[in-house]
Amino acid sequence: MIRKHITITNPSGLNVDPAQILSNHARQFECKITIYYKHYNINAKSMMHILSATLMCGTEVELECDGPDEEICMHDLCELFAHGLEQEDQP
């Protein structure tokens with residue numbers, strides 16, 4: 001299990017588009033991915049769980065990855081958060 005504190009940097013927080021990007025990306029990994037914020041334990045693979053927490057820009061959360069691919073998952077998701085959960089350009 002790996003945990004890391006991160007800050008939401010997306011200007012709109014984790015609204016519909018960033019939540020969808022995060023959940024789609026998280027589902028690529030085998031490990032369990034949880035976002036901890038106050039009393040919320042958010043399943044990062046569920047767009048509805050992410051949206052229910054109404055995480056705004058500047059919010060500090062704790063990201064936990066637990067499973068066989070936890071290290072690569074943590075690295076990948078931290079990169080995604082660092083770039084503001086922006087959609088990659090489609091060809």
Problem set entry | Flag if PRO68 is of a type outside the set (Val, Ile, Thr) and touching an Asp or Glu at 6+ places or on another chain (Cβ under 7 Å) | yes
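Report, by residue number, each residue of the range 40-91 that is of a type in the set (S, T, N, Q) and on the phi > 0 side of the Ramachandran plot.
THR54
Of everything in the range 1-57, what is of a type in the set (Ser, Thr, Tyr), under 12 Å from the mean Cα position of the chain (by Cα) and more than 15 Å from GLU70 (Cβ to Cβ)? Give them in sequence order. Write out each step before concluding.
Initial filter on the range 1-57 (of a type in the set (Ser, Thr, Tyr)): 7, 9, 12, 23, 34, 36-37, 40, 46, 52, 54.
If we keep only those that are under 12 Å from the mean Cα position of the chain (by Cα) as well, we get 7, 9, 23, 34, 36-37, 46.
Within the range 1-57, THR7, THR9, SER23, TYR36, TYR37, SER46 qualify.
Mind checking which residues of the range 2-39 are at positive phi and out of contact with any Leu (no Cβ under 6 Å at 6 or more places or on another chain)? Break it down into steps so the answer makes sense when it comes.
Restricting attention to the range 2-39, the residues satisfying the condition of being at positive phi are 13, 38.
Listed by number, the list holds a single entry, LYS38.
Kindly indicate whether ALA53 is within 18 Å of GLY84 (Cβ to Cβ) and either out of contact with any Ser or Thr (no Cβ under 7 Å at 6 or more places or on another chain) or surrounded by fewer than 20 Cβ atoms within 10 Å (Cβ to Cβ) (or both). Lay out the reasoning, then the answer.
Details: within 18 Å of GLY84 (Cβ to Cβ): yes; either out of contact with any Ser or Thr (no Cβ under 7 Å at 6 or more places or on another chain) or surrounded by fewer than 20 Cβ atoms within 10 Å (Cβ to Cβ) (or both): yes.
Spelling it out, ALA53 is indeed within 18 Å of GLY84 (Cβ to Cβ) and either out of contact with any Ser or Thr (no Cβ under 7 Å at 6 or more places or on another chain) or surrounded by fewer than 20 Cβ atoms within 10 Å (Cβ to Cβ) (or both).
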Exercise. How many residues are touching a residue at least 12 places away in the same chain (Cβ under 8 Å), part of a helix (DSSP H, G or I) and among the acidic types (Asp, Glu) if we restrict to the range 32-91?
Worked result: 3
Exercise. Out of curiosity, is MET1 open to solvent by 70 Å² or more (accessible area, probe 1.4 Å) and of a type outside the set (D, E, K, R)?
Worked result: yes
Problem set entry | So ILE33, is it among the aliphatic types (A, V, I, L, M) and buried (at least 20 other Cβ atoms within 10 Å of the Cβ) | yes
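The values are calculated or read from the model by the stated rules, or taken from the named source; none is laboratory data. In this text, all values refer to a predicted model and were calculated from it rather than measured experimentally. Glycine also receives a Cβ, built like all others from the backbone with ideal geometry; neighbour counts cover every protein chain displayed. What goes into the accessible areas is simple: the full protein's heavy atoms, side chains included, and nothing from ligands, DNA or RNA. Shrake-Rupley method; radii C 1.70, N 1.55, O 1.52, S 1.80 Å.
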